Amino acid sequence: GEAVTRREGDDVAVFTYGAMTRPTLEAVETLAEEGIDCSVVDLRTVSPLDREAIVEAFEATGRAVVVHEAPKTGGLAGEITAIIQEESLLYQEAPIGRVTGFDVPYPLYALEDYYLPTAARIEDGIREAVEF
């Protein structure tokens, strides 16, 4: 029930958990070389969500990107976005980005690598939020 900040940053808060934590950290390290300073919050659990950590990280940057491997529609990113909208709307400087699996049935193992968000897709999503 308690999130942990894996990396501090000032430009955008990136929320993730589970298998997407490693590619997210890889993406933000690449972006750091470009001068984009990302905070990475590892939610660690999705029920309960650490609402306080989400709000605190978002308010520090005014920008957010949520990364998860589930499909975009009906995924956890929608709930995190709702928390931010309900509690921190006045801090928002850009639309909240979502880097997720595609809105298709989960593929067979042979196509899993194409389906899951990659570090490159995560980088693109973060750039969009920062450049808005």
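As a test of the formula, what do you get for the chain when each DSSP H run with n ≥ 4 contributes -39,500 (n - 2.57) and the sum is divided by the residue count, at 222 nm and rounded to the nearest 500 deg cm²/dmol?
Using -39500 (n - 2.57) per qualifying helix, the result is -12500 deg cm²/dmol.
Non-local amide H neighbours of residue 66 (under 5 Å, H modeled in plane, Pro and chain starts lacking H): which ones?
15, 97, 98, 99
Which angle between 0 and 90 degrees, to the nearest 10, do you get for helix 76-88 versus the longest principal axis of the chain when only C-alpha atoms count?
10 degrees
Sorted by mean Cβ packing within 10 Å, highest first, what order do the peptides 87-99, 19-31, 59-71, 103-115 take?
59-71, 19-31, 87-99, 103-115
Putting +1 on Lys and Arg Cβ atoms and -1 on Asp and Glu Cβ atoms, find which of 31, 73, 48 reaches farthest to the positive end of the dipole of the chain.
73
For the range 11-77, report the accessible area per residue in Å² (1.4 Å probe, heavy atoms, rounded to an integer).
41 Å²
Looking at the range 1-122, what % of its DSSP beta bridges pair antiparallel, to the nearest 5?
20 percent
State the percentage of accessible surface on the chain attributable to carbon and sulfur atoms; use a 1.4 Å probe and exclude ligands, DNA and RNA.
51 percent
Measure nothing fancy, just the Cα-based angle from helix 21-33's long axis to the longest principal axis of the chain, in degrees from 0 to 90, nearest 10.
Tilt of helix 21-33: around 60 degrees.
Using alpha-carbon positions, what is the distance between the centroids of the range 61-98 and the range 1-35, in Å?
Distance between centres, Cα-based: 15 Å.
Going toward the positive end of the dipole of the chain, with +1 on Lys and Arg Cβ and -1 on Asp and Glu Cβ, which of 83, 116, 104 do you reach last?
104
Report the label-to-label distance for residue 32 and residue 115 in nanometres (one decimal), using points 7 Å from each Cα along the Cα→Cβ vector.
The answer from the label model is 3.2 nm.
Give me log10 I(q)/I(0) at q = 0.09, 0.10, 0.15 Å⁻¹ for the chain, Debye formula, one equal scatterer per alpha-carbon, no solvent.
Rounded to two decimals, the profile gives -0.22, -0.28, -0.63.
Please give the charge dipole size of the chain, origin at the Cα centre, charges +1 on K and R Cβ atoms and -1 on D and E Cβ atoms. Round to the nearest 20 debye.
Dipole about the Cα centre, nearest 20: 400 debye.
Hey, what angle do you get for helix 51-61 against the long axis of the chain, alpha-carbon based, 0 to 90 degrees rounded to 10?
Between the helix axis and the principal axis of the chain, the angle is about 70 degrees.
The values are calculated or read from the model by the stated rules, or taken from the named source; none is laboratory data. All of these numbers come straight from a predicted model, not from anything done at the bench. We place every Cβ from the backbone using ideal geometry, glycine too, and count neighbours over all the protein chains shown. With ligands, DNA and RNA removed, areas are computed over all heavy atoms of the protein, side chains included. Shrake-Rupley method; radii C 1.70, N 1.55, O 1.52, S 1.80 Å.
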